[in-house]
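Asker: Right, I'll just put the structure down here and ask away after.
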Amino acid sequence: MSTPQIEWNVETAAQTLLDAEGSRTDRHPITAEWPDLDLATAYRVQDELIARKVQAGEKIVGVKLGLTSRAKQQRMNIDSPLTAWLTDAMVLEAGAPIPTEKLIHPRVEPEIVFVLKDRLEGPGVTAATAMAAVGSVYAGLEVIDSRFIDFKFALPDVVADNASSSRFVVGGVERDPKELDLALESCLLQVGGSVVASATGAAVQGHPAEALALAANSLAERGIALEAGWLVLTGGLTDAVFVEPGKQIVAEFANLGTVIVAGE
């Protein structure tokens, strides 16, 4: 007997992705079955997905950016980072084991994390006005976990999937962004004690503030502002690394301290 065809729309796409996350079952890209899924509709799916998480008791605590490097944008044929949502259920304590039993195929990437002291609303936000809204800056690690097989997807797929969001860790060192040159802030990424990648803040749009400004302006097109108190993960400084059982993943920053997660 043949499998019944899904009648794709915003609601069914959101529930399909939630079901995949809940069952730890990856799937083929939605665009393979819904070729008319465009970027605007994908963001509606993303918003519906998060609305259902909030209805289930989660709380929005901020936003994240994806595809912030120019090389990744060119690969996906876009000219601006993706935005996605963070909830309190995604918070992981520093040093805690990554709950791999709840995830599909997690990867980890180092991030520069902003905490906003003021509301930030586009359009017309520049890097300077974006940084004026930032109260503090931290080191972070993001655990990404695509609901698609082998992390292979088209742009609308990853947007609908909330940019592969899963968990994130914020370090314990709080710094005033005025004290740092974030474009030059360096990071060494280690897996099991071996350095596997290095980068500086310039890997994120030339400066993380540029990514924050682009996020504010992009969200404004959907009538959304960044709220005071929100966290903003500004984008991966390096390519993501796979989580290996028993091995620690360590991001060592020049001025923002060290952040550690452990693979179970």
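FYI, it's all coordinate maths here, none of it is from the lab. Predicted, not measured: the structure shown is a model, and the values here were computed from it. Cβ sites come from the backbone with ideal geometry, for glycine too, and all protein chains shown count toward neighbours.
Asker: Can you sort ASP38, ASP145 so the residue with the fewest Cβ neighbours within 10 Å comes first?
Answerer: Details: ASP38 13, ASP145 22.
So the residues, fewest neighbours to most, are ASP38, ASP145.
Asker: Ignoring everything except DSSP H segments at least 4 long, calculate the 222 nm mean residue ellipticity for the chain; use -39,500 (n - 2.57) per segment, divide by total residues, nearest 500. The partial results should precede the final answer.
Answerer: Values: 6 runs with 63 residues, N = 264.
Calculated from helices alone, the mean residue ellipticity at 222 nm is -7000 deg cm²/dmol.
Asker: Another question about this same structure. So if each residue of separation counts as 0.36 nm, and I subtract the Cα-Cα distance between ALA56 and LYS178, what length gain in nm does that give? Provide the component values of the computation, followed by the final result.
Answerer: On the way: separation 122, 0.36 × 122 = 43.92 nm, distance 3.86 nm.
Stretched out fully, the ALA56 to LYS178 stretch lengthens by 40.1 nm.
Asker: Full-extension gain between THR129 and LEU18, please, as 0.36 nm times their residue separation minus the C-alpha to C-alpha distance. The partial results should precede the final answer.
Answerer: Numbers: separation 111, 0.36 × 111 = 39.96 nm, distance 3.58 nm.
Gain on extension, THR129 to LEU18, equals 36.4 nm.
Asker: Over the range 206-264, how many percent of alpha carbon pairs lie in each 5 Å bin up to the one with the longest distance?
Answerer: Per 5 Å bin, starting at 0, the Cα pair percentages come out as 4, 13, 16, 20, 15, 13, 11, 6, 1.
Asker: Could you give the nm distance between label points at VAL91 and ASP239, where each point is 7 Å from its Cα heading toward the beta carbon?
Answerer: If labels sit at VAL91 and ASP239, their model points lie 3.3 nm apart.
Asker: Angle between the Cα long axis of helix 39-55 and the longest principal axis of the chain, 0 to 90 degrees, nearest 10?
Answerer: 80 degrees
Asker: Positive end of the dipole of the chain, charges at C-beta (+1 Lys, Arg; -1 Asp, Glu), about the Cα centre: which of GLN248, ALA32, PHE148 has its Cα farthest in that direction?
Answerer: The Cα lying farthest towards the positive end belongs to GLN248.
Asker: From the residues THR41, VAL54, ALA84, which one has its Cα farthest along the dipole of the range 25-146 in the positive direction, the dipole being from +1 and -1 charges on Cβ of Lys/Arg and Asp/Glu about the Cα centre?
Answerer: Value: ALA84.
Asker: What ranking of ILE30, ILE112, ILE50 emerges when the number of other C-beta atoms within 10 Å of each C-beta is taken as an exposure proxy, fewest first? Let's see the in-between values first.
Answerer: Values: ILE30 25, ILE112 30, ILE50 19.
If I rank by nearby Cβ atoms, fewest first, I get ILE50, ILE30, ILE112.
Asker: Could you give the size of the charge dipole of the chain about its Cα centre, using +1 on the Cβ of each K and R and -1 on the Cβ of each D and E, expressed in debye and rounded to the nearest 20?
Answerer: On the way: 21 positive and 36 negative charges, 32 e Å.
It comes to approximately 160 debye.
Asker: Taking neighbour counts of Cβ atoms within 10 Å as a proxy for exposure, in what order, fewest first, do HIS105, HIS28, HIS207 appear? The partial results should precede the final answer.
Answerer: Numbers: HIS105 17, HIS28 12, HIS207 23.
Placing the least packed residue first, the sequence is HIS28, HIS105, HIS207.
Asker: Separate question: If I model a spin label at ASP118 and ARG222 as a point 7 Å from the Cα along the Cα→Cβ vector, what separation in nanometres do I get?
Answerer: 2.5 nm
Asker: Show me the trypsin sites (Lys or Arg not before Pro) within the range 87-122 that DSSP assigns to loop and that have at most 16 other Cβ atoms within 10 Å of their Cβ. Let's see the in-between values first.
Answerer: On the way: sites: LYS102, ARG107, LYS117, ARG119; in loops: LYS117, ARG119.
Here the sparse-neighbourhood loop sites are LYS117, ARG119.
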